[in-house]
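Quick notes on the structure that follows.
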Amino acid sequence: MTARGSATRYARALFDVAVQEGVDLDVLQRDLSGFVSLVTGHETLSRALMSPAIPAAKKRAVVEALFARGGQVSPLLGKTVALLADRDRLTLLPELATAFERRLMDHRQVVRASLATAVEMPPERIAALKDGLAQATGRDVQLETRVDPGLVGGAVARIGSTVYDGSVTTQLEKLKRSLIESAQ
């Protein structure tokens with residue numbers, strides 16, 4: 001199984017147990033993200049916890065010391081990270097955090113989308129597009145917007161692997177291909 005698949009399995013198990021035990025999912029997600037940021041943000045710590053040369057028992061001791069110093073952390077998260085340390089699978093932490101967040105968003109019927117426009121759009125127009133995307137997906141939409149002057153005009157919305165392309169650039173490309181095909 002790939003590392004991503006393993007991380008997804010651990011994330012699913014963590015999520016399911018958290019729901020079953022009534023753990024606050026927002027707190028758990030925040031603690032998990034914080035721990036991953038701590039590990040990945042500290043080069044020496046990251047190398048030590050990810051290195052196959054360091055015994056799993058020492059990694060677990062380091063993890064337990066970090067949780068002891070870090071203050072109140074969900075016991076479920078502590079057990080999960082200790083389990084990963086025991087199995088020498090701490091390299092899965094970043095992907096596990098990502099998979100857990102995806103699972104949480106899916107549970108809450110939330111989807112992330114990005115919107116690229118040629119020019120800055122007024123907030124009411126962005127809200128209308130967000131509502132349209134919410135109707136198209138049947139979920140709440142977290143919309144990230146950016147300006148892309150290369151679009152010339154129009155907009156491109158992405159939700160997962162689905163792209164809604166209403167850009168002038170794409171329309172001009174289609175027209176160009178159509179003219180080339182008809183000339184041949």
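Rule-based calculations on the coordinates, nothing more; no lab input. If you're wondering where the values come from, they're calculated on a predicted model, not measured in any experiment. In this analysis, Cβ positions are derived from the backbone assuming ideal geometry, glycine residues included, and neighbour counts consider all displayed protein chains.
Evaluate the relative contact order of segment 71-184 (contact order divided by residue number), counting alpha-carbon pairs under 8 angstrom at least 6 apart; express in whole percent.
Reported relative contact order: 24 percent.
What translational diffusion coefficient, in µm²/s and rounded to a whole number, does the Stokes-Einstein relation yield for segment 45-176 at 4 °C and a viscosity of 1.567 mPa s, taking the hydrodynamic radius as the Kirkwood radius over Cα pairs?
Reported coefficient: 71 µm²/s.
Percent relative contact order of segment 3-106, based on C-alpha pairs within less than 8 angstrom and at least six residues apart?
Taking the mean separation of contacting Cα pairs over the length of segment 3-106, I get 49 percent.
Give the value in nm², to one decimal: projected area of the alpha carbon convex hull of segment 110-183, averaged over all directions. Mind dumping the intermediate values first?
Numbers: hull surface 21.9 nm².
Seen from a random direction, the Cα hull of segment 110-183 projects 5.5 nm² on average.
To the nearest Å, what is the center-to-center distance of segment 31-45 and segment 88-154, using C-alpha atoms only?
Between the Cα centre of segment 31-45 and that of segment 88-154, the gap is 25 Å.
Using helices alone, I'd like the mean residue ellipticity at 222 nm for the chain: each DSSP H run of four-plus residues gives -39500 (n - 2.57), total over residue count, nearest 500. It would help to have the intermediate numbers written out before the result.
Details: 8 runs with 117 residues, N = 184.
That calculation yields -20500 deg cm²/dmol at 222 nm.
Largest first, please: the extent of the C-alpha atoms of segment 3-106 along each principal axis, to the nearest Å.
Reported extents, whole Å, longest axis first: 36, 30, 22.
Would you work out which of Thr117, Thr169, Ala99 lies farthest towards the positive end of the dipole of segment 62-184? Charges go on Cβ: Lys and Arg +1, Asp and Glu -1.
Positive-end residue among those listed: Ala99.
Around Glu124, with a cut-off of 11 angstrom between Cβ atoms, what is the net charge of the other residues, counting Lys and Arg +1 and Asp and Glu -1?
The answer is +1.
Could you give the dipole magnitude of the chain about its Cα centre, charging the beta-carbon of Lys and Arg +1 and that of Asp and Glu -1, in debye to the nearest 20? Could you put the intermediate results ahead of the total?
Working: 24 positive and 21 negative charges, 110 e Å.
Dipole size: approximately 520 debye.
Around Ser114, under 10 Å between beta carbons, what's the net of Lys plus Arg minus Asp minus Glu among the other residues?
+2
For all pairs of alpha-carbon atoms in segment 46-110, what percent lies in each bin of width 5 Å, listed from the first bin to the last filled one?
4, 17, 23, 22, 17, 9, 5, 2, 0
Run the dipole for segment 3-106 about the Cα centre, Lys and Arg Cβ at +1, Asp and Glu Cβ at -1, nothing else charged, and hand back the magnitude in debye, nearest 20.
Charge dipole of segment 3-106: 380 debye, to the nearest 20.
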